[in-house]
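**Q** My questions all concern the structure below.
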Amino acid sequence: MLQQARCHVVSFNPIFPGDRFIWVNHWMDEAVLKELRSARAVILPQAISREFYFFVKAICPNTFPNYDIRFKWEGKVGDAMLFWSLKAPHPKTTVFPRLVSLLGDHEEMGKPPFSLPPMPFVIKSNHGGEGRGTWLIEDQEGLNKVIEILKKEEFQGRFGFVIQEYIEGIDRTLRVVVIGSHVESYWREAASGAFYSNLAQGARVIKGEDPHLVKKGEEMVVSLCKKTGINLAGFDVCFRGEEPLFLEVNYTFGRTGLGGSERFYKIFKKEVEAWLDSIACSRDVFN
């Protein structure tokens, strides 16, 4: 009898356990390697290391999500390099690999040293999320405090930051979430007088406003995803008038604006099934 049989799917993501679920923090041995070698596809969690991601891909190229760009250009520094490489619109940005490149106290630095833009401007550490590691610099005292924070990060082995143009009058950003082929957006409006539009920092979700701007933001994001293969991320977009600008890419993101974790799980499962179909991860067999 002819029946439909799915090819072997190994998952490290409990949302979609596949044919064989393995905890991502499980030890690695020959038994796990055997599972990976027999897999036609592998489903990965959002919290995964660069080393493990490329290890899995070396054994089984069919992985969901596609994190090639995430680990090619990591953090806020990586976002800037991604946007530059694709000529994607974003606020004017300067990348600093080390704090010394801002302070100019090294003999190899060019003369004169870097000239700061007029205040206010934004500093973003290469690490952080939900508003952590992002600061609006309005005076010298604020700058000095952030420099001390960045020094502590470098002592802990975390390097890199960006200085970014501050766009006046922005009290909200558009979060565009991509899960497979599913695209969904909502506005995040900062609390009155606040700089941060992150929900963790007190912002609120707004849906249905300015659909023409939402359409522009989504089209810009979808275009970038087609060029890069990104299929699971939350993109932050702001607007200079009617012009959408990329702010950053978040490969782990909150789910409140999507309606909570259960709805995210439902969308994720549906999109993984569609992805498996798209790579022909099923076959007709005789029983």
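Please treat every number below as a calculation from the coordinates, not as lab data. As the structure is a computational prediction, the values presented were derived from the model and not from experiment. Virtual Cβ from ideal backbone geometry, glycine too; neighbours counted across all protein chains shown.
**Q** List the pairs from Lys124/Lys215; Lys34/Lys72; Lys76/Lys151 whose alpha-carbon separation is above 24 Å, in the order I gave them.
**A** Flagged as over cut-off: Lys124/Lys215; Lys34/Lys72.
**Q** GNM on the chain, C-alpha springs below 10 Å: top fluctuator among Phe268, Phe21, Phe55?
**A** In the Gaussian network model the winner is Phe55.
**Q** Of Asn126, Thr256, Val205, which is farthest towards the positive pole of the chain's charge dipole, taken about the Cα centre with +1 and -1 on the beta-carbons of Lys, Arg and Asp, Glu respectively?
**A** Of Asn126, Thr256, Val205, it is Thr256.
**Q** Same structure again: Can you list, bin by bin at 10 Å, the percent of alpha carbon pairs in the stretch 35-123, starting at 0?
**A** Binned Cα distances yield the sequence 13, 31, 26, 17, 10, 3.
**Q** Where does the chain land on the Kirkwood hydrodynamic radius, alpha-carbon pairs, in angstrom? Mind dumping the intermediate values first?
**A** Working: mean 1/r = 0.0476 Å⁻¹.
One decimal place: 21.0 Å for the Kirkwood radius.
**Q** Let me ask another. Taking springs between alpha-carbon atoms closer than 10 angstrom, which of Pro117, Pro45, Pro89 fluctuates most in the Gaussian network model of the chain?
**A** Pro117
**Q** If the cut-off is a Cα-Cα distance under 22 Å, which lysines reach Lys266, setting aside same-chain residues fewer than 8 apart in sequence?
**A** Excluding near neighbours in sequence, the set is Lys207.
**Q** Given only helices, namely DSSP H runs of n ≥ 4 each adding -39500 (n - 2.57), what is the per-residue ellipticity at 222 nm of the chain, to the nearest 500 deg cm²/dmol?
**A** -10000 deg cm²/dmol
**Q** Still on this structure, I have one more. Take the chain, connect every pair of alpha-carbon atoms lying under 10 Å apart with a spring to form a Gaussian network, then pick out the residue of Gly75, Gly133, Gly217 with the largest mean-square fluctuation.
**A** Ranking Gly75, Gly133, Gly217 by mean-square fluctuation puts Gly133 first.
**Q** Using only alpha carbon positions, build the gyration tensor of the stretch 115-159, then give the equivalent ellipsoid semi-axes as the square roots of 5 times its eigenvalues, largest first, whole angstrom. Write out the running numbers ahead of the final one.
**A** On the way: eigenvalues 70, 31, 15 Å².
Semi-axis lengths for the stretch 115-159 are 19, 12, 9 Å.
**Q** So if the hydrodynamic radius of the stretch 9-165 is defined as the Kirkwood radius over C-alpha pairs, what does Stokes-Einstein give as its diffusion coefficient at 37 °C and 0.692 mPa s, in µm² per second?
**A** My calculation gives 179 µm²/s for D.
**Q** So, one more: Below 13 Å, Cα to Cα, which aspartates and glutamates can Lys87 reach? Residues fewer than 8 away in the same chain don't count.
**A** Filter leaves Asp79.
**Q** Okay, next question. Please return the longest range in the chain lying between exposed loop sites, taking GluC sites (Glu not before Pro), DSSP loop only, at most 14 other beta-carbon atoms within 10 Å, and leaving the sites out.
**A** On the way: sites that count: Glu107, Glu108, Glu138, Glu168, Glu209, Glu242.
Within the chain, the longest run free of exposed GluC sites (Glu not before Pro) spans 1-106.
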